[in-house]
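As structure tokens, the structure follows; a few thoughts come after it.
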Amino acid sequence: MLNIRDPRAHELARKLAAERKSTITEAVVTALEHELERVRAAIPLPERLARIADDLKAQAGPNPRDVTRAEIDDMWTR
């Protein structure tokens, strides 16, 4: 649960919510999502791809099999 007591943060969130005609919670969530996307986009592509690969490996669990060249080629055609 998020509870921000900074008056400036509250005022900025209130202004953003008013501009977007949304709730303060929706404004904060959207702003945080956009900032996270911006930060992630600043990470160099090779590092981003390595992170994705690491996440996929972790999801594969123990004894994952190697992906074949044909399966890799198939991913690019989708």
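Since every read-out is calculated from the coordinates, none of them should be taken as a lab result. Keep in mind the model is a prediction, meaning the values are calculated, not measured. Virtual Cβ from ideal backbone geometry, glycine too; neighbours counted across all protein chains shown.
Taking only DSSP H segments of four or more residues, each worth -39500 (n - 2.57), what value at 222 nm results for the chain once the sum is divided by all its residues, to the nearest 500 deg cm²/dmol?
-23500 deg cm²/dmol
Given a Förster radius of 30 Å and the C-beta distance between Leu56 and Thr30 as r, what FRET efficiency does 1/(1 + (r/R0)^6) yield to the nearest 0.05?
With R0 = 30 Å, the Cβ-Cβ based efficiency is 0.60.
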